[in-house]
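Read the structure below first, then the notes.
The values are calculated or read from the model by the stated rules, or taken from the named source; none is laboratory data. Because the structure is a prediction, the values reported are computed rather than measured. Note: ideal-geometry Cβ built from the backbone for every residue, glycine included; neighbour counts use all protein chains shown. Ligands, DNA and RNA are stripped out before the accessible areas are found, and what is left, the full protein with its side chains, is counted by its heavy atoms. Shrake-Rupley method; radii C 1.70, N 1.55, O 1.52, S 1.80 Å.
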Amino acid sequence: MNLFVWNEDITYKIPAMVRPATEMDFSQTKNWQTYWKSKAVSEMPNKVALCRSDNGELLGLMSYAIDERGLAVEVIYVESAGHSNANLLKASYGKKKYVGIAKALFAYAGKISLDAGFDGVLYFRAKTS
């Protein structure tokens with residue numbers, strides 16, 4: 001799977017990869033919307049990290065579950081790193097460092113669904129309206 005994100009002005013693609021999330025990844029989330037070392041997050045299954053392929057920079061995190069009854073993958077939670085999180089950057093009028101983090105993570109979730117025999121079917125519940 002050839003995942004990528006865009007640089008801030010969408011002039012070039014940056015190759016990305018997904019790997020199992022680690023405690024080191026979670027410790028980098030103190031200034032994110034969600035602290036990934038919290039009790040609630042620790043109970044989430046299948047946590048993965050999206051990282052730049054060239055230097056390993058953490059771009060985002062996701063938790064998902066395989067729903068055998070629903071024949072789908074449930075995306076439980078997705079979050080972009082603070083440097084590219086629109087909600088966090090609103091207050092400071094900051095610009096995203098990267099664009100397309102959530103898209104890359106949802107594409108990966110689609111692959112998980114395909115691999116499980118669910119034809120790429122996903123579902124999720126938005127945390128905001």
### Query
Where in segment 15-113 are there strands (runs of 3 or more DSSP E), lying fully within it, with 2 or more residues that are small (G, A, S) and within 18 Å of A126 (Cβ to Cβ)?
58-67, 72-80
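Picking from K39, K30, K90, K97, which residue would you name as being open to solvent by 40 Å² or more (accessible area, probe 1.4 Å) and in contact with a helix residue (DSSP H, G or I) (Cβ under 8 Å, 6 or more places away or on another chain)?
Exactly one of K39, K30, K90, K97 is open to solvent by 40 Å² or more (accessible area, probe 1.4 Å) and in contact with a helix residue (DSSP H, G or I) (Cβ under 8 Å, 6 or more places away or on another chain), namely K97.
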### Task
Considering only segment 61-87, state which residues are surrounded by fewer than 17 Cβ atoms within 10 Å (Cβ to Cβ) and under 9 Å from the mean Cα position of the chain (by Cα).
none
### Query
Exactly one of (1) without any contact (Cβ under 8 Å) to a residue 40 or more places away in the chain; (2) crowded, with 18+ Cβ neighbours inside 10 Å is unmet by G56. Its number?
(2)
### Task
Taking M1 as meeting all but one of (1) under 25 Å from L122 (Cα atoms); (2) of a type in the set (A, V, I, L, M, F, W, C); (3) touching a residue at least 40 places away in the same chain (Cβ under 8 Å); (4) outside any loop (DSSP other than H, G, I, E, B), write down the number of the exception.
(4)
